[in-house]
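Notes to accompany the following structure.
The values are calculated or read from the model by the stated rules, or taken from the named source; none is laboratory data. Keep in mind that what you see is a predicted model, and the values were worked out from it rather than measured. Please note: Cβ atoms are built from the backbone with ideal geometry, for glycine as well, and neighbour counts cover all protein chains shown.
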Amino acid sequence: MGKSKSSTMYWLFGGIILTITGLLAFTNLEEWYVISILGRTAGYPFGGEGPTAYYYKTPELYALVSLTWGLIFTGTFAFTLVTIIKKKKERMVAAFGTTVFLLAVLFIHGLIE
């Protein structure tokens, strides 16, 4: 019975990590695409209007930051996916820790003016 619970937790954590990293990768890469490729900048507070994070200074900087975060979360997503496929429990702990760490850094990064 313990093996089944362990397996369920493994798949649950894997699913949670894939969902979080996948959504953040998609969101950031979509922002990069909209700003950098499509050139749609209306509605963004570029130029420092009010209290905004430093990367809202220019569309180019915002796009670069979005691309960077998108690639970081894509890498974490890929690592987690390989971990799930290979069924490496030790790596799942690393994937979970990395995801929590990246979420904290992303939050703090958004506070830097």
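Quick notes on this one:
- Of Thr58, Thr52, Thr27, all but one fail to be touching a residue at least 60 places away in the same chain (Cβ under 8 Å) and either out of contact with any Pro (no Cβ under 8 Å at 6 or more places or on another chain) or under 23 Å from Phe107 (Cβ atoms) (or both); the exception is Thr52.
- Matching entry among Thr41, Thr74, Thr52 (being outside any helix (DSSP H, G or I), of a type outside the set (Phe, Trp, Tyr), over 24 Å from Ser6 (Cα atoms) and touching a helix residue (DSSP H, G or I) at 6+ places or on another chain (Cβ under 7 Å)): Thr41
- Note on region 49-75: residues that are surrounded by 15 or more Cβ atoms within 10 Å (Cβ to Cβ) and not aliphatic (A, V, I, L, M) amount to 10.
- Hits in region 76-108 - residues which are loosely packed, with under 14 Cβ neighbours inside 10 Å and of a type outside the set (A, V, I, L, M): Lys86, Lys87, Lys89, Glu90, Gly97, Phe101, Phe107
- Applying the set (1) surrounded by 13 or more Cβ atoms within 10 Å (Cβ to Cβ); (2) among the charged types (D, E, K, R); (3) within 19 Å of Asn28 (Cβ to Cβ) to Arg40 leaves exactly one unmet item: (1).
- Residue, nearest to Ala63 (Cα to Cα), within region 1-35, restricted to residues that are buried (at least 16 other Cβ atoms within 10 Å of the Cβ) and of a type in the set (Ser, Thr, Tyr): Thr21
- The residue that is modelled with the lowest pLDDT, among those in region 53-78 that are among the aromatic types (Phe, Trp, Tyr) and either closer than 13 Å to Ala25 by Cα or in contact with a Gly (Cβ under 7 Å, 6 or more places away or on another chain) (or both), is Tyr56.
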